[in-house]
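What follows is a set of notes on a single structure, which appears directly below.
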Amino acid sequence: MRIIKKKTNIDFIGKRRPALFISSVLNLAILVGITIFGFNFGVDFAGGTVVELKFDHRVTAEDIRKRAQSAGLHDVSVQGIGSASENSFLLRLGGVTQLTKENSAQAEAAIRALGPIKFFNADLDNGLINFRSEKKLDPEPVKQAVEGTGTGIKEVRSLGEAQGGGNDYQVVVSGMADRVFTAMKQGLDKPDFIVQRVDYVGPQVGKQLRNKGIMSLVYAMVMILIYVAFRFDFKFGPGALVAMVHDVIMVSGYFLVTRREFNLTSIAVLLTVIGYSINDTIVVYDRIREEMVRYKGKPLPEIINIAVNDTLSRTILTSGVTALSLVGLLIFGVGEIWDFAMAMLVGIIVGTYSSVYIASPLTIWLDERAAAKEREAKTGMKPKVA
Amino acid sequence: MDRAWWWKLAIILVVTLGSVWFLVPSYYSFFRLPREQRNNLKLLQEKMPKWAPPAKYRLNLGLDLQGGIHMVMRVDTKTALQKRTERRGLQISNYVKDKKLGEVNVDADPERFELTLTAVDPATMDAIEKDVLATFDDFTKIRRDGNKLTIALKDTQINRFRDESVDQAMLVIRKRIDKWGVAEADIRKRGNDSIQISLPGYQDAERAKELIGTTAQLEFRMVDDTSPFFRTLYQQNPPPKESGISLIEREGFPQLEAKDREVLLAYVKGKVPPDRKVLLECIASTVKKDTCESYRTYLVDKNVPLTGENLTSADASTDQFGEAEVNISFDAQGAREFATLTKKNVGKRMAIVLDDDVHSAPRINEEIPNGRGRITIGRNPTKTRDEQIEEAKLLALVLKGGALPAPVTVGEIRQVGASLGPELIRKGSLAAIVGLALVVVFMAIYYRRSGLIADVALILNGALILSFLAIFNATLTLPGIAGFVLTLGIAVDANVLINERVREELAHGKTARAAVDQGYDRAFWTIFDAHVTTLIAGAILFATGTGPVRGFATALVIGLVASLFTSIIVTRVITTYFVHGRNAQTVSV
């Protein structure tokens, strides 16, 4: 059996200018889109709290939203997962602690009511309040006073006597997830749901994870580029690099356009796409190198056309087989795994395209420039057409 | 068939049998044990036949598949450093006064850990500067402005302090988790100010929050070492044999010892004299330092005369004879209490208790009036000098952790409910099976016999990935399953490349033998390069990824390495058998 019966003779190189043009426009549009709209960052990167609840009876997302709002939780996004009969929902909240500007102002007033204080400092990111009281306080009344303002407290820590008089205390505010549970349980004898999953990422950790993720993409590209330059001629390098960057941008475009969550798994997809998309490029490059030896003296564009045509069926087949293995994940995968499979599929498609239309033509461009330079050096004249 | 072929065949058979053998523990843990017992290695070992590999080589499920809690705590070293800087400021001001160098006012800049000393009499500043910088060598001079001197904590000090704070926090967390008896808990440092904790199968989020919700309580309690309580209890009310409780007596000091904490506590419960309390000491295993080998009882006074709040410093050092010791000092109030306590109890033991666990119980040798004590570790013939110094450092860490704890906050919590896991496993395996079945069927139809040969290699590759995950004690996560499927998809690409090449050679009119040989030879480097590039990406993901994503990277990396073996060597050996061995004139591709 064969997908391509006869030898093909498609002029890929001839169409390189429109292909490069369309790709460049698309890439630019995606980059502009990212700067304007940004990704829909998941909790991994944005920080925040995600709670997955499974209810024991039929509820709709709207019911849950109402329930949350009646308990004072306004900025909660509710999203059903799986089929409707599963009654599973993801609740996503921006904050990670219950400490907000208003809360901390109320807490400050409550603490001041207990006695004079020297300073008061609320760390909203970490949900901590540090204050120095002029007299010694018992942690318990402090806790009660702050809880009286409606902010959940985990603990009040006594940090001991301060230099120059006064006592230091630290109030640890409860996390957002606690607040969600309290809100959802409100008015019920016992909760009508079970907690399937809680994801909570602090804002600093989120930022760290994001930077680390971006750095890992850069490292991967540089290392692969070094390997390609080492195994192939140097002039293959730029083509491979541009193809990789192209694929990463296109897959990012998938996350940008669909508004699917961009998280740690997305970084894993991007890294795998980088590693995988270069595979097709290598198959084509290998063949170009081989044909260059066989047809010495033939112009490079022609050689590349032969190579791409000869390897066309295997380029399609290898991508097709890998895509085939993802079908199961696309049917049965939920949440992150479905996103993984879908983005990977996009990556495989653009990776195949880029090795034919981007990686190979760029090699010609570099070759032409090198040839032009050589001519220039020989004749001492500027060539009319580069 | 030449010798090399037979060798390759032998290697393939050994690898295949080996990987199947290593999958035996996983098979038993998934299909022969009830789900709640899956982490029970002892039971698993009993259930398995004798010839099976050790139970620890079973496939570990990640937290996302078996439920549990993963958390990352951030140790707030900044707050602790601010406190430390302020304390040092007070000490400097007292020092200047004590040495009659003059008088300084000290202001602390908490953001930069700086102290500004302002001399009341500008003329004394030069002498003060010289003396203070020489004595308080953890500070370095920033600038001098007339009668104002600004000094800051040295970077090396800040780093040391940061490391120490994280170690203290880890110590407290480890002890608490040990108390709950969570099997397979994994605690490790992440970055320079975070601690990562995995509690597989653990669901109690409220208790997990205790880890951070409460500060470690350090107490000093008097030990009643003259009471025959434990001896009498043991003789009059002997514990059941299976409890493993035994009575030990050293220097006429009776103690009970047992391997299980709960058993020991249950045995003494309700029998303790009214003004006394029984606390346990963890005897660390000599092999695995972080785990408790057994527990020993202490009978202590119910009253707590002194707590960590009054402790100002604790430092490990060695005395002039090279013996390890810990120097401690108390604040003014603590010093008074300590003086009374030591005066009253000379010759008795004082227990150092952290979070209700006795850490050690040194003997009081004399009255200590000035609030500066010295705890000597004492010679122990079973321990080397380094081990004793290590012990002193640990004790100092316990004391500091209780005295000046760096506040700990939650950086990240990921909790997966127990009911979600089985559903994900079911969906994940179904997805993997469907994806693989499609690939297998496609290869068989498209390349006929060569396709079937590739399928055999593919299945071996799958077995290899799973068994290597088991051998390396890696964990299988949901993204790991995705990685497994994707890797098999990539692995089969190699056979597509080979078979296409063979077809091409056949089209050039080559014989079956020549076509197969050249097809494999020519495709080799292409396949190699393609694998290496994906491996580079996988390795970077493995190095930077955490949690489930790391599981994906592990599956990817193992799968790619295995694929080089299965899709090139294994398929070639089989194909060569048909083409050379059976002397076939055609090759089915």
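Pairs spanning more than 29 Å between alpha-carbon atoms, out of A:Lys212/B:Lys42; B:Lys100/B:Lys348; B:Lys8/B:Lys42; B:Lys175/B:Lys271: A:Lys212/B:Lys42; B:Lys100/B:Lys348; B:Lys8/B:Lys42. Restricted to Cα atoms, segment B:363-464 shows a radius of gyration and a Dmax of 31.4, 92 angstrom. Among the residues of A:279-286, the average count of other protein chain beta-carbon atoms within 10 Å of the residue beta-carbon is 6. Of chain B, which part is the longest with no chymotrypsin sites (Phe, Trp or Tyr not before Pro) in a loop (DSSP not H, G, I, E, B) and with at most 12 other C-beta atoms within 10 angstrom? Free of exposed loop sites, the longest segment is B:52-320. Other residues within the sphere of radius under 10 Å centred on the Cβ of A:Ile117, judged by their own Cβ, net out at +2 (K and R +1, D and E -1). Positive end of the dipole of chain A, charges at C-beta (+1 Lys, Arg; -1 Asp, Glu), about the Cα centre: which of A:Ala371, A:Asn263, A:Ile111 has its Cα farthest in that direction? Most positive-ward Cα: A:Ala371.
Of the DSSP H helices in chain A, those that are both long (alpha-carbon extent of 27 Å or more along the helix axis) and hydrophobic (Kyte-Doolittle mean at least 1.6) are A:312-332. Taking label positions 7 Å along the Cα-Cβ direction at both B:Ala332 and A:Arg289, the computed distance is 8.0 nm, reported to one decimal. The trypsin sites (Lys or Arg not before Pro) of segment A:289-386 that meet both conditions, a loop assignment by DSSP and at most 10 other Cβ atoms within 10 Å of the site Cβ, are A:Lys296, A:Lys384. Note on chain A: Cα convex hull, mean projected area over all directions, 29.2 nm². The loop-placed trypsin sites (Lys or Arg not before Pro) in segment B:52-84, going by DSSP, that have at most 15 neighbouring Cβ atoms within 10 Å of their Cβ come out as B:Lys56. The slack between B:Trp21 and B:Lys99, meaning 0.36 nm per residue of separation minus the straight C-alpha distance, is 20.6 nm. Computed from the Kirkwood radius of its Cα pairs, the Stokes-Einstein diffusion coefficient for segment B:420-581 at 25 °C and 0.890 mPa s stands at 150 µm²/s. Taking each DSSP H run with n ≥ 4 as -39500 (n - 2.57) and averaging over every residue of the protein assembly as shown yields -17500 deg cm²/dmol at 222 nm.
Can you give the net charge of the other residues whose Cβ lies under 12 Å from the Cβ of A:Gly72, counting K and R as +1 and D and E as -1? Net charge in that neighbourhood comes out at 0.
As a calculated quantity, the FRET efficiency between B:Asn370 and B:Lys259 at R0 = 51 Å, using C-beta atoms, amounts to about 0.75.
Please work out, to two decimal places, the log10 of the ratio I(q)/I(0) at q = 0.12, 0.13 Å⁻¹ from a Debye calculation in which every Cα of segment A:1-124 carries one identical scatterer. Log-scaled intensity ratios, in q order: -0.79, -0.84.
With the simple model of a label 7 Å out from the Cα in the direction of the Cβ, B:Thr232 to A:Lys7 spans 10.5 nm. Counting Cβ atoms of other protein chains within 10 Å of each Cβ in B:478-489 and taking the mean gives 6. Projecting the Cα positions of A:Ser355, A:Ser24, A:Ser158 onto the charge dipole of the protein assembly as shown (unit charges on Cβ atoms of Lys, Arg, Asp and Glu, taken about the Cα centre) puts A:Ser355 furthest along the positive direction. Of the trypsin sites (Lys or Arg not before Pro) found in segment A:1-86, the ones in coil according to DSSP and having at most 11 other Cβ atoms within 10 Å of their Cβ are A:Arg2, A:Lys5, A:Lys6, A:Lys7, A:Arg58. Counting, for every residue in B:424-437, the Cβ atoms of other protein chains within 10 Å of its Cβ and taking the mean gives 5. Once the mean of 1/r is taken over each pair of separate Cα atoms and inverted, segment B:215-405 shows a Kirkwood hydrodynamic radius of 17.5 Å.
Placing +1 on each Lys and Arg Cβ and -1 on each Asp and Glu Cβ, with no other charges, gives the protein assembly as shown a dipole about its Cα centre of roughly 2880 debye. The slack between B:Asp155 and B:Leu452, meaning 0.36 nm per residue of separation minus the straight C-alpha distance, is 100.5 nm. Stretching B:Lys269 away from B:Glu293 to a fully extended chain increases their span by 6.5 nm, per 0.36 nm per residue minus the current alpha-carbon distance. Taking a ≥ b ≥ c as the square roots of the eigenvalues of the Cα gyration tensor, segment B:442-485 is oblate, since a/c reaches 1.5 or more and a/b is not larger than b/c. Computed on segment A:101-174, the Cα convex hull volume stands at 75 Å³ per residue. What's the longest uninterrupted piece of chain B once you rule out the GluC sites (Glu not before Pro) that are loop residues per DSSP with at most 14 other Cβ within 10 Å? Answer - B:368-589. For the protein assembly as shown, the orientation-averaged shadow of the C-alpha convex hull comes to 53.3 nm² (one quarter of the hull surface).
Only the coordinates and a few stated rules stand behind these numbers; no lab work does. Not measured: the values here are computed from a predicted model. Cβ sites come from the backbone with ideal geometry, for glycine too, and all protein chains shown count toward neighbours.
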